[in-house]
1. For Lys41, are the conditions met, namely being over 28 Å from Gly8 (Cβ atoms), among the basic types (Lys, Arg) and modelled with pLDDT of 90 or more?
2. What's the number of the condition Ile87 fails, among (1) assigned to a helix (DSSP H, G or I); (2) out of contact with any Lys or Arg (no Cβ under 6 Å at 6 or more places or on another chain)?
3. Criterion first (acidic (Asp, Glu) and part of a helix (DSSP H, G or I)) does Glu77 satisfy it?
4. I need a count of the residues in segment 49-87 that are surrounded by 13 or more Cβ atoms within 10 Å (Cβ to Cβ) and touching a residue at least 40 places away in the same chain (Cβ under 8 Å).
5. Restricting to segment 17-50, give me the number of residues that are more than 13 Å from Ala88 (Cβ to Cβ) and part of a helix (DSSP H, G or I).
6. Does any residue of segment 2-11 turn out to be exposed (fewer than 13 other Cβ atoms within 10 Å of the Cβ), part of a helix (DSSP H, G or I) and hydroxyl-bearing (Ser, Thr, Tyr)?
Amino acid sequence: MVLNLLAGFIYDVVQQSWMVSSVLIKYLLVFHIAKAFYDGKHNMKHLEEVILRYSRPTVFIIVMLALISVSLGLEVEPRFKLFSQLIALLYFAVLFWKF
């Protein structure tokens, strides 16, 4: 019984963390790209370094927001679902490839 509740809770957290990441990642990438252009370092190597540098806090924030969302019973949905999920998938693919 407890195992079923725990498995359901973990499933909900994983699902909500995916939704939260699909909402937040595109804005994070836009911010990093704009900051790179502002600093004059607009090459892919610099962007890759920035993504890797901020990956741990980003993933931590996503999981914490998902935990809060599941605990409060809220559901987060991105506005452009397919586009947002594709961007999040590419972001996590880069992280998976580099780590």
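1. On the way: over 28 Å from Gly8 (Cβ atoms): yes; among the basic types (Lys, Arg): yes; modelled with pLDDT of 90 or more: no.
So Lys41 does not fit the description; no.
2. Among (1) assigned to a helix (DSSP H, G or I); (2) out of contact with any Lys or Arg (no Cβ under 6 Å at 6 or more places or on another chain), Ile87 violates only (2).
3. No, not satisfied.
4. 15
5. Result for segment 17-50: 17.
6. Taking every residue of segment 2-11 in turn, at least one turns out to be exposed (fewer than 13 other Cβ atoms within 10 Å of the Cβ), part of a helix (DSSP H, G or I) and hydroxyl-bearing (Ser, Thr, Tyr).
The values are calculated or read from the model by the stated rules, or taken from the named source; none is laboratory data. In this text, all values refer to a predicted model and were calculated from it rather than measured experimentally. With ideal geometry, Cβ positions are generated from the backbone for all residues, glycine too; neighbour counts draw on all protein chains shown.
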